[in-house]
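Working notes, beginning with the structure itself.
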Amino acid sequence: MEGKMLVLSAPSGAGKTTLVTHLLNTRDDLAFSISATTRSPRGNEMHGVDYYFMSVDEFKKHIENGDFVEYEEVYPGRFYGTLKSEVERIYKDGKIAVFDIDVQGGKTIKATYAKQSLAVFIQPPSIDELKARLLARGTDSMEEIDIRIDKAAEELTMSMHFDFVLVNDDLGASMKTLDAIVSNFIES
Ligand code: 5GP
């Protein structure tokens, strides 16, 4: 796999999806890498747009066949992964692949594709702020929020494996910083 890879990883609730959406809306040389997952669609998520939704059996077949660039069991029993065919599809279109993946997955991509990737760690200002954002988002149960907070605390220790740590306490400022580092990466 030869093209450029832009990886954005963060603990859940750090503002990653907003920043990924901003990048995709402002640059037409980028394309979102649609991951495979075994979780069910939420709200108006669509197969082939937000994720490739599949059964655990189907996902495991892809693991056996070596079809993934990387994959993780992000939550117990819930698998997420990037299919090689997806990245190839993006490169065929002449675009740069953008990965919205968990911290462990981001670390794996950076370690595997060191030269061609830019890995950005989006850091929430604090664990308390993260909890407040997850509560305000209102999409997860209290139990789910506690699981995400525990995972976040662990993920914050992994930021040193990334090229850039972006502390997202002011969304407008974060967007500007991200625009600058992405332009620099693409033009280099
Ligand atoms: P959600 O269920 O909220 O859409 O995603 C849960 C977490 O899984 C997020 O941190 C998301 O970035 C991550 N994720 C999505 N796709 C992938 C993937 O292909 N690989 C990995 N490692 N994580 C992913």
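Comparing VAL98, VAL74, VAL56 in a Gaussian network model of the chain where C-alpha atoms under 10 Å apart are linked, the largest mean-square fluctuation is found at VAL56.
Ellipticity at 222 nm from helices only: DSSP H runs of n ≥ 4 in the chain, each -39500 (n - 2.57), divided by the residue count, give -13000 deg cm²/dmol. Backbone amide hydrogens, once placed in the peptide plane, bring VAL69 within less than 5 Å of THR82, LEU83, LYS84, excluding anything fewer than 5 places away on its chain.
Express the C-alpha Rg of the chain as a ratio against the empirical globular expectation 2.2 N^0.38 Å, rounded to two decimals.
On the way: Rg = 15.9 Å, N = 188, 2.2 N^0.38 = 16.1 Å.
Cα-based Rg divided by the globular estimate yields 0.99.
The label-point distance for LYS115 and ASN44, in a model that sets each label 7 Å from Cα toward Cβ, rounds to 4.4 nm.
Near the amide H of GLY15, within less than 5 Å, lie no amide hydrogens of residues on another chain or at least 5 residues away, with H placed in the peptide plane. Sorting LYS151, LYS16, LYS115, LYS60 by the number of Cβ atoms found within 10 Å of their own Cβ, with the fewest placed first, yields LYS115, LYS60, LYS151, LYS16. Across the stretch 57-63, computed HN-Hα scalar couplings (Karplus, 6.51 cos²θ - 1.76 cosθ + 1.60, θ = phi - 60°) run 4, 4, 4, 5, 4, 5, 4 Hz from first to last residue, x flagging Gly and Pro.
Computed extension length for VAL165-ALA153: 2.8 nm, one decimal, from 0.36 nm per residue of separation with the Cα-Cα distance subtracted.
For the stretch 49-102 versus the stretch 116-152, the inter-centroid distance based on Cα atoms is 22 Å. The modelled label-to-label distance between ASN65 and SER126, using points 7 Å beyond Cα along the C-beta direction, is 4.9 nm.
Remark: the stretch 83-94, residue by residue, has Karplus-estimated 3J(HN,Hα) of 7, 4, 4, 5, 5, 4, 4, 5, 5, 4, 7, x Hz, where x stands for each Gly or Pro and the curve is 6.51 cos²θ - 1.76 cosθ + 1.60 at θ = phi - 60°. GNM on the chain, alpha-carbon springs under 10 angstrom: the most fluctuating residue among GLY43, GLY66, GLY13 is GLY43.
As a quick test, which of the pairs LYS151/LYS176; LYS61/LYS131; LYS16/LYS95; LYS95/LYS131; LYS84/LYS131; LYS16/LYS115 have an alpha carbon distance above 32 angstrom in this structure? Pairs exceeding the cut-off: LYS61/LYS131; LYS95/LYS131; LYS84/LYS131.
Put simply, the amide H of LEU30, placed in the peptide plane, has neighbours under 5 Å in ILE96, leaving out anything fewer than 5 places away on its chain. The phi torsions of the stretch 97-105, fed into the Karplus equation with coefficients 6.51, -1.76 and 1.60 and a -60° offset, translate into couplings of 7, 10, 10, 9, 9, 6, 5, 4, x Hz, rounded to whole numbers, with Gly and Pro shown as x.
Taken together, the values in this text are just the output of simple stated rules run on the coordinates, not laboratory data. Source: prediction; values computed, not measured. Neighbour counts run over all protein chains shown; Cβ positions are idealised from the backbone, glycine included.
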